[in-house]
1. How many of the residues in segment 65-86 are farther than 21 Å from Pro148 by Cα and not in a helix (DSSP H, G or I)?
2. Got a sec? Which of Leu30, Leu60, Leu16, Leu80 is under 48 Å from the mean Cα position of the chain (by Cα) and modelled with pLDDT under 90?
3. Among (1) over 23 Å from the mean Cα position of the chain (by Cα); (2) at pLDDT 95 or above, where does Arg140 come up short?
Amino acid sequence: MDVFLGVFFIIICLLLIVVVLLQKGRGGGLGAAFGGAGAAAFGTRVGDVFTWVTIVLTGLFLLLAIGTSLIFRTPPGVVLAPVFDPPPGPIEETIQVRLGAETLGAKIRFTRDGSDPTDESAVYEGKALPVEPGDVIKARAFRENWQPSDVAIGRYPKKVAETLPAAPLDTRPAGEPDLPAVVPQ
């Protein structure tokens with residue numbers, strides 16, 4: 001149906017162009033460019049025939065223009081998820097985190113209690129949020145007539161000092177094969 005409507009609209013556009021070009025203007029117009037054949041083919045009432053055809057085609061053009069604009073309208077998109085600056089990760093002390101929307105015109109809403117953000121959640125106003133070690137921020141971007149973004153989760157766990165166990169020292173000379181240890185009796 002969509003393809004048929006689009007093709008029909010293009011045909012009406014082309015017919016409207018042809019009919020307007022064939023009409024006899026006040027000074028001869030473009031109708032004379034085709035040798036005045038319009039007057040000979042339709043007789044003395046050529047202006048009346050082309051006038052009515054133009055009116056009908058213009059009406060169809062307007063109706064089809066409205067119909068095709070509604071049918072071929074780009075659907076609303078999905079808002080991109082907010083981003084955290086600095087990105088989530090282990091932290092040692094309180095830091096300042098900013099949220100950014102990658103979709104133009106989107107509002108970011110966030111929570112700190114572990115629940116997913118909704119239309120009623122706090123709105124991010126652009127100021128940095130103080131984040132302490134162990135905090136979790138959930139954010140979602142919204143834009144009117146668009147689908148909201150996925151929930152972005154910013155986990156900032158307390159950074160734990162990484163200690164690796166000491167590797168045993170290999171005291172064998174280089175090139176000596178691994179032999180099972182013999183325990184003296």
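The values are calculated or read from the model by the stated rules, or taken from the named source; none is laboratory data. Predicted, not measured: the structure shown is a model, and the values here were computed from it.
1. 2
2. Answer to the check: Leu30.
3. Going through (1) over 23 Å from the mean Cα position of the chain (by Cα); (2) at pLDDT 95 or above one by one, Arg140 breaks only (1).
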